[in-house]
């Protein structure tokens, strides 16, 4: 498969601050590549480097050419914190950006893609934050690009709009569009991306498919049991060859597959231990993120549970059961 | 054809954006109107010896026109560049086929229309509110290229200001600081013989001087004494220089 993006040893500094430090990256044509990382990790700078909007050291090839030399009809970009003219309607906005290309898509089709047909004639400044972001996404789609850069495309979009946008991106990817996106939503990246790169302190510290990254860095699935008798429950489970850790009000059982849940419940029942809740979680990209970046939300998480980031209620696989009283 | 399409698209967006900012529209036209009303109708010119406004009313037509030809492009183009930069619009545009030159052509075209309308308003008010009369001759049509070239020149200047200033506030402060002395010290409202002798060469350095002298010849008659074609050629050369500098100054990367 041909490569849409090839970056080798890309570096960028702002004064004493190192924004990118020797980043090597390849993205194949038709691939969806997700960039994740903490704020300030270098995601936006890398997008700017790949689109030729900031000078960097190292080598970058976009379809085999310098970023500034590549045919702009093939590229689409949604910059971070992008704010277009506020007093154009959504339709005028799409018309405006479409008018900059020789071969642009039909405005109504773009508006339909981003779900703004009903509000097409409202001024941008009167739209909700999510609708505004969808207009911005639309401006990146007007030329039907072969390579689409999206810097935090779903920021501020409500769950319904976000899912609609995910489906749109999935259809674009299915049609062969190469997508490079950044996001703080691990669920988004995990769902959309064929491969994921984690940037930290300007370095690409891990690259792989979501499944591979989770297998390598996500840890094991866990069962969290809410119970007042946590010490007794941990002892009973440990005696049954489970790896259980007690803390006030709960027991965390590590490495529990779904088929083992019933056995753990039987152990509690046999020991006559009551519990309030059972929550089973499997590792997700968010666990990978937390593991590799060393970030955590102390005091805001129960051990073993995944952190929920903004707008990410559909994130890691998590199933909760009502409590039982044995 | 595609270049024309791009410029048209950018210009239409800029035109709609301007028209829908009602305060911007109001003050763009109110500023020259209030100037003509205050100095032309209320203060009135005093054709005696010495002092400000000592010449006949028609002498000051270039000054009134200069208020829009100078202030409007400087502040509008400069602010637009600062706004584009703050909103990451140039980052977006850098990945489209629109070039920096095309962007500046589009915004210059919009400014030309706005300033053309404001100039017509000024000329009408001067005739209505003062005792000035504007001679209509075969060369009167040259007012159009004088205004267009001056707009091109100061749009380029505004683009350079927008690049150098780090915010919209900075652009406005810088454009006022530069435009105010230029407005009064470019043979517009104050004639050379009212200034110290050593100031003469500085007046020659101001691009607005050539606009003022040429326009005065066309609107005040032969009494102005300056050859308008020479001034037009100098203005055209300066317009090219400033436009090229402005197009080059427009940010494309960070």
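Key figures for this structure:
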| quantity | calculated |
| --- | --- |
| Qualifying residue in the stretch B:60-82 (condition: within 14 Å of chain A (Cβ to nearest Cβ), closer than 27 Å to residue A:104 by Cβ, part of a helix (DSSP H, G or I) and out of contact with any strand residue (DSSP E or B) (no Cβ under 8 Å at 6 or more places or on another chain)) | yes |
| Condition check for residue B:146: touching a residue at least 40 places away in the same chain (Cβ under 8 Å), more than 13 Å from the chain's Cα centre (by Cα) and under 20 Å from residue B:115 (Cβ atoms) | no |
| Sole residue being in a loop (DSSP other than H, G, I, E, B), away from chain A (no Cβ under 14 Å) and either surrounded by fewer than 20 Cβ atoms within 10 Å (Cβ to Cβ) or modelled with pLDDT of 95 or more (or both), chosen from B:53, B:31 | B:53 |
| Matching residues in the stretch A:1-27 - criterion: being farther than 18 Å from residue A:200 by Cα and either in contact with a helix residue (DSSP H, G or I) (Cβ under 6 Å, 6 or more places away or on another chain) or part of a strand (DSSP E or B) (or both) | A:3, A:4, A:5, A:6, A:27 |
| Residue list for the stretch B:15-28, restricted to those being at the interface with another protein chain (Cβ under 8 Å from one of its Cβ atoms) and in a helix (DSSP H, G or I) | B:16, B:17 |
| Residue match in the stretch A:40-47 (condition: touching a strand residue (DSSP E or B) at 6+ places or on another chain (Cβ under 9 Å), facing another protein chain (nearest Cβ under 7 Å) and surrounded by fewer than 22 Cβ atoms within 10 Å (Cβ to Cβ)) | no |
| Selection count where residues are touching a strand residue (DSSP E or B) at 6+ places or on another chain (Cβ under 9 Å), at pLDDT 95 or above and more than 7 Å from chain B (Cβ to nearest Cβ), scope the stretch A:79-94 | 2 |
| Residue under evaluation residue A:183, criteria (1) touching a strand residue (DSSP E or B) at 6+ places or on another chain (Cβ under 6 Å); (2) within 11 Å of residue A:36 (Cβ to Cβ), criterion not met | (1) |
| Answer from B:121, B:153, B:143, B:183 - the residue that is assigned to a helix (DSSP H, G or I) and surrounded by fewer than 18 Cβ atoms within 10 Å (Cβ to Cβ) | B:121 |
| Condition met for residue A:131 (away from chain B (no Cβ under 14 Å), buried (at least 19 other Cβ atoms within 10 Å of the Cβ), over 26 Å from residue A:63 (Cα atoms) and touching a helix residue (DSSP H, G or I) at 6+ places or on another chain (Cβ under 8 Å)) | yes |
| Residues of the stretch A:7-39 satisfying the condition of being on the phi > 0 side of the Ramachandran plot and within 14 Å of another protein chain (Cβ to nearest Cβ) | A:15 |
| Test: residue in the stretch A:113-128 that is in the same structural domain as residue A:168 (by TED's automatic domain parsing), buried (at least 22 other Cβ atoms within 10 Å of the Cβ) and within 19 Å of residue A:175 (Cβ to Cβ) | yes |
| Residue that is free of Cβ contacts under 8 Å to residues at least 12 places away in the same chain, under 14 Å from the mean Cα position of the chain (by Cα) and either surrounded by fewer than 21 Cβ atoms within 10 Å (Cβ to Cβ) or not in a strand (DSSP E or B) (or both), where the choices are A:266, A:287, A:211 | A:211 |
| Residues of the stretch A:59-74 classified as in contact with a helix residue (DSSP H, G or I) (Cβ under 8 Å, 6 or more places away or on another chain) and on the phi > 0 side of the Ramachandran plot, total | 1 |
| Residue A:104, sole failed condition from (1) more than 9 Å from every other protein chain (Cβ to nearest Cβ); (2) at pLDDT below 95; (3) closer than 21 Å to residue A:181 by Cβ | (3) |
| Given (1) within 18 Å of residue B:76 (Cα to Cα); (2) in contact (Cβ under 8 Å) with a residue 24 or more places away in the chain, index of the condition residue B:123 fails | (1) |
| Of all residues making up the stretch A:28-55, the number that are assigned to a strand (DSSP E or B) and out of contact with any helix residue (DSSP H, G or I) (no Cβ under 8 Å at 6 or more places or on another chain) | 2 |
| Residue match in the stretch A:56-70 (condition: in contact (Cβ under 8 Å) with a residue 40 or more places away in the chain, buried (at least 19 other Cβ atoms within 10 Å of the Cβ) and not in a strand (DSSP E or B)) | yes |
| Tally of residues being out of contact with any strand residue (DSSP E or B) (no Cβ under 7 Å at 6 or more places or on another chain) and facing chain B (nearest Cβ under 7 Å) across the stretch A:68-78 | 2 |
| Tally, over the stretch A:163-177, of residues that are under 19 Å from residue A:29 (Cβ atoms) and touching a residue at least 12 places away in the same chain (Cβ under 8 Å) | 6 |
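So that you can scan it fast, the table gives a plain yes or no per residue for (1) surrounded by fewer than 14 Cβ atoms within 10 Å (Cβ to Cβ); (2) within 14 Å of chain A (Cβ to nearest Cβ); (3) free of Cβ contacts under 8 Å to residues at least 24 places away in the same chain; (4) touching a strand residue (DSSP E or B) at 6+ places or on another chain (Cβ under 6 Å):
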site: B:177; (1), (2), (3), (4): yes, no, yes, no
site: B:207; (1), (2), (3), (4): no, no, no, no
site: B:217; (1), (2), (3), (4): no, no, yes, no
site: B:236; (1), (2), (3), (4): no, no, no, no
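The values are calculated or read from the model by the stated rules, or taken from the named source; none is laboratory data. Computed from a predicted model, the values in this text were never measured in an experiment. Heads up, the Cβs are rebuilt from the backbone with ideal geometry, glycines too, and the neighbour counts pull from every protein chain shown.
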